[in-house]
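Data block below; observations after.
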Amino acid sequence: MLLEIDDLTLRYGRIEALHGISLHVEEGEVVALIGANGAGKSSTMRAISGLRPVALGSIRFNGEDITNLRADLRVRRGICQAPEGRGIFPGMTVLDNLDMGAYTRRDHAGIAADLDRVFTLFPRLAERRRQHGGTLSGGEQQMLAVGRALMSRPKLLLLDEPSMGLAPMIIQQIFDIITEINQQGTTILLVEQNAQQALSRAHRGYVLETGRIVKEGTGQDLLHDPSVKEAYLGVA
Ligand code: ATP
């Protein structure tokens, strides 16, 4: 088990956003977490990456308890999040943005190899390597955010809404690349409102509703589940 979350509760002041959720991710999997606005998807990601402390429950990564570990130390252990809303550095070049992703590393040969890999996965970023991040299109910025996360060579890649705000064709491309990254050996936990794409690419998925996990199953099972279809896939 790479990631194991047990009975996790997270609060913002008096608002309880997660009421004791449990989920796990096995090495090599793509796992999708789906749910409506405000269900607690981003809060779950923040708890895993250490951006928000948890009130109760535990998070184990690679067999070790990381519930109270600092966020930067989680990056060093191999958890990296490509943030929602992209979160790239607009005033820095594409290349510098990618270099920032490798800030915890000292293995220069490995960094150079990963930069090549990112440019192979995202040829658009290679073409635009000297351009400022802020001048890229929405889809390219999303690619840059994913590329930057890959530069830390994560064991677990957390993706928060990678399809948000993108045109259908670009969404397809982003998901193709997510599948490819996974096939190259990176485990992925994906938060998505685009349940159709996420579940069709994921090995397993969880449905989050108002801070509780209400359903789990293989991506295919959830895609064909009548209540999931009705609530999240727009099919009655
Ligand atoms: P979205 O897709 O809209 O981001 P989500 O599923 O990611 O939704 P969260 O952002 O995790 O949901 O929010 C879960 C709950 O916690 C919501 O009720 C939200 O209003 C609340 N919440 C989130 N962030 C804060 C905050 N900084 N302060 C107070 N309440 C918050």
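The values are calculated or read from the model by the stated rules, or taken from the named source; none is laboratory data. On a predicted model such as this, the values are computed, not experimentally measured, just so you know. Here Cβ is always computed from backbone atoms with ideal geometry, including for glycine, and neighbour counts include all displayed protein chains. Only protein heavy atoms, including side chains, enter the accessible area calculation; ligands, DNA and RNA are left aside. Shrake-Rupley method; radii C 1.70, N 1.55, O 1.52, S 1.80 Å.
What to note about this one:
- Angle between the chain longest axis and helix 168-183 axis [Cα atoms, degrees, rounded to 10]: 90
- By average C-beta atoms within 10 angstrom, highest first, the peptides 128-135, 19-26: 19-26, 128-135
- For region 190-211, the residues whose backbone nitrogen is under 18 Å from a point 7 Å from the Cα of H19, taken along Cα to Cβ, are 207-211.
- Extension gain, N37 to Q193: 0.36 nm times the residue separation minus the Cα-Cα distance gives 55.4 nm.
- Carbon plus sulfur fraction of accessible area for region 114-236, probe 1.4 Å, in percent: 49
- Cβ-defined net charge surrounding Y232, 11 Å radius [Lys, Arg +1; Asp, Glu -1]: -2
- Remark: the A126-D221 segment gains 30.4 nm on full extension, using 0.36 nm per residue and subtracting the alpha carbon distance.
- Dipole magnitude for the chain: computed about the Cα centre from +1 point charges on Lys and Arg Cβ and -1 point charges on Asp and Glu Cβ, it is near 680 debye.
- For peptides 41-48, 142-149, 212-219, sequence by mean Cβ density within 10 Å, most packed first: 142-149, 41-48, 212-219
- Which of V54, L2, I213, positive extreme of dipole for the chain (C-beta unit charges): V54
- Residue (of A36, F119, I171) at the positive-pole extreme of the chain, dipole from beta-carbon charges: F119
- Other-chain or far-sequence residues with amide H under 5 Å of L33's (modelled H): L190, V191, E192, Y206
- Under the shape rule built on the C-alpha gyration tensor, where the axes satisfy a ≥ b ≥ c, region 195-236 is oblate, since a/c reaches at least 1.5 while a/b does not exceed b/c.
- Based on protein heavy atoms only, the chain ends up with 46 Å² per residue of surface accessible to a 1.4 Å probe.
- Cα long-axis angle, helix 138-150 against the chain (0 to 90 degrees, to the nearest 10): 90
- 0 to 90° range, to nearest 10: angle between helix 108-121 axis and the chain longest Cα axis: 70
- 5 angstrom amide H check on T187, placed H, neighbours 5+ away: G28, L157
- Point-charge dipole on Cβ atoms (K/R +1, D/E -1) for region 1-119, about Cα centre, debye to 20: 460
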